[in-house]
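The values are calculated or read from the model by the stated rules, or taken from the named source; none is laboratory data. All values reported here derive from a predicted model rather than from experimental measurement. Neighbour counts run over all protein chains shown; Cβ positions are idealised from the backbone, glycine included.
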Amino acid sequence: YTLPVPQTSPKDKNSFAYASVVRRWPSIITNVIDAVYQSNALDKDASAEKLDDGKAIIQSLSKLRHEMGRDQALPPITDNDAASVNTYNAQLAELEKAGDNTWFTAPWLYAECYMYTRIRSYFSNSKFFQQFDPFKKSKDDTFKSSKVSVFQLAKAQEQLISGTTKPTHVDDSIEIMFLEMLQMCLWGNATDLSLLVDLDYADVQKLQAVGKKALEESFQKIIRNDIPQLWKYISTKRGGRIDFVLDNAGYELFTDFILADYIVNCTPFADSIVFHPKTIPWFVSDVLPADAPALLEQLLDAKAFFGEECAEVVALGQRWSKMFEQGVFKMSLPADYKLGSPSPSDFWCTAYSYPQMPEQAPELVSDFKQSNLVIFKGDLNYRKLTSDALWDPTTPFQTALGPLAGQFPLLSLRTNKADVIVGLEKEVAERMEKDHPDYRISGKFAVVSFDM
Ligand code: F6P
Ligand code: MG
């Protein structure tokens, strides 16, 4: 599959891509350096060998940051374990032929995926840091500071679910509630740590607001909304499974579980849910297999984690743990998955866009054909669904999906945090361009796109 239009690139100095390479990525690398430094500093019993191991990683990271600032060529990745490395290097060779193989000339999506894979290679080549997640602490800290919304959602959820029996048919109340749940889960995507560099934390808390009024206001901010088409399809479904291609850990994962919990217990649309995490530390806050059990532990021990008692949060933790035990909720990778070991989920940490999925990961496509619906969470998944290309905003979503269109029913819940956007009415695109020129990247607007 070859893209009909060029991809987003930092060559355009007005793009968010450019701002990313200049500002956001160097600061992400600095944070990774800090995490390694802290890990060594806090480990009072660390051997000299371990301290040196950490220092070597820090050196490599500093070198990477330096290369970036100088717009140097991306070198091939040398790595022990990541299955995707060969793919990256082959793509890099192609970019080199075109002369687009430096930090400021490579397509933004490729370079960003490459960066996280490069970072991972330093850890996987190390002796003591092979399973180290440099973003773990920031994921936990941000989840902790989402306490207000977490408690509020937990209370509402317990009220909603306690004493209900799973319905066998659909009525208006399910339609209204389903819509609210989707929106709640959509805005859960606002809590993305790789953006915190840009958005201030108060903004993010505003975006997390979950009350009725907040939902009504945020409904206006969904500038392409396929929920009616989705409803027409999903309301006919009984039993079976729904998949989530996850995005961020912590608050967003919590909202994913809330929606999933609602679907299996309060609607007839599915009996089980499969969640797909990443295989290496990815785009700062993305879910790794270990993040799901960690979240359950945090809920079960709410007092210790959030610093305040909340019976409903604990009850959710208990119920969800049980749903995992019973296989109603399932992660596609086990919690003790060793980072970087080969798995069918490797595809999520390549630089491939999803129109390439039928060619590059046909087993995923056939698996998803068994699903009633595959929900793609967040901005990066949307960039990959649309090949991160410079489409005209009125291009139909189906056109952007290319060969993926019609393969399986899919829903994208995305708050807009990157240049690419499709599926807008002409009048909406023009109005946004005029009234909110930063609507593609501010994180304050969203799209809900459906294909089947
Ligand atoms: O930096 C690229 C980017 O896709 C941003 O557009 C976005 O802020 C972030 O990475 C990932 O967002 P999300 O967690 O919603 O995929
Ligand atoms: Mg993310």
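Quick notes on this one:
- Residue match in the stretch 289-297 (condition: at pLDDT 95 or above, within 23 Å of residue 167 (Cα to Cα) and hydrophobic (A, V, I, L, M, F, W, C)): no
- For the condition at pLDDT 95 or above and under 30 Å from residue 397 (Cα atoms), residue 14 does not qualify.
- Whichever residue in the stretch 1-40 is outside any helix (DSSP H, G or I) and of a type in the set (Lys, Arg) and, among such residues, is nearest to residue 386 (Cα to Cα): 11
- Matching residues, the stretch 15-29, being crowded, with 20+ Cβ neighbours inside 10 Å and within 16 Å of ligand 2 (Cβ to nearest atom): 16, 20, 25, 28
- Looking only at residues of the stretch 372-386 that are more than 11 Å from ligand 1 (Cβ to nearest atom) and not hydrophobic (A, V, I, L, M, F, W, C), we find that the one that is farthest from residue 230 (Cα to Cα) is 386.
- The numbered conditions (1) in contact with a helix residue (DSSP H, G or I) (Cβ under 9 Å, 6 or more places away or on another chain); (2) assigned to a helix (DSSP H, G or I); (3) among the small types (Gly, Ala, Ser) are all true for residue 366 except (1).
- In the stretch 360-398, the residues that are away from ligand 2 (no atom under 16 Å from the Cβ) and within 30 Å of residue 125 (Cβ to Cβ): 360, 361, 363, 364
- Restricting attention to the stretch 427-446, the residues that are within 13 Å of residue 394 (Cβ to Cβ) and within 16 Å of ligand 2 (Cβ to nearest atom) total 0.
- Applying the criterion of being of a type in the set (S, T, N, Q) and either part of a loop (DSSP other than H, G, I, E, B) or in contact with a strand residue (DSSP E or B) (Cβ under 9 Å, 6 or more places away or on another chain) (or both) to the residues of the stretch 399-413, the residue that is nearest to ligand 2 (Cβ to nearest atom) is 412.
- The residue list 9, 62, 27, 39 contains one member that is small (Gly, Ala, Ser), in contact with a helix residue (DSSP H, G or I) (Cβ under 8 Å, 6 or more places away or on another chain) and within 16 Å of ligand 1 (Cβ to nearest atom), which is 9.
- Residue that is modelled with the highest pLDDT, among those in the stretch 153-204 that are touching a Lys or Arg at 6+ places or on another chain (Cβ under 9 Å) and of a type in the set (D, E, K, R): 158
- Qualifying residue in the stretch 133-150 (condition: within 21 Å of residue 360 (Cβ to Cβ) and among the acidic types (Asp, Glu)): no
- Residue that is surrounded by the fewest Cβ atoms within 10 Å (Cβ to Cβ) [pool: residues in the stretch 165-186 that are among the aliphatic types (A, V, I, L, M) and over 18 Å from residue 224 (Cα atoms)]: 176
- The residue that is farthest from residue 112 (Cα to Cα), counting only those in the stretch 347-361 that are of a type outside the set (Ser, Thr, Tyr) and touching a Lys or Arg at 6+ places or on another chain (Cβ under 6 Å), is 348.
- For residue 350, the conditions (1) touching a Leu at 6+ places or on another chain (Cβ under 9 Å); (2) within 16 Å of ligand 2 (Cβ to nearest atom) all hold with the exception of (1).
- A residue that is assigned by TED's automatic domain parsing to the domain that holds residue 172, buried (at least 18 other Cβ atoms within 10 Å of the Cβ), in a helix (DSSP H, G or I) and at pLDDT 95 or above can be found somewhere in the stretch 229-240.
- Hits in the stretch 245-275 (condition: of a type outside the set (Asp, Glu), within 10 Å of the chain's Cα centre (by Cα) and not in a loop (DSSP other than H, G, I, E, B)): 245, 248, 253
- Residue ID - farthest from ligand 2 (Cβ to nearest atom), chosen from residues in the stretch 414-426 that are among the basic types (Lys, Arg) and crowded, with 24+ Cβ neighbours inside 10 Å: 414
- For the stretch 86-133, the set of residues classified as closer than 30 Å to residue 52 by Cβ and assigned to a loop (DSSP other than H, G, I, E, B) consists of 103, 125, 126, 127, 128, 129, 130, 131, 132, 133, listed by residue number.
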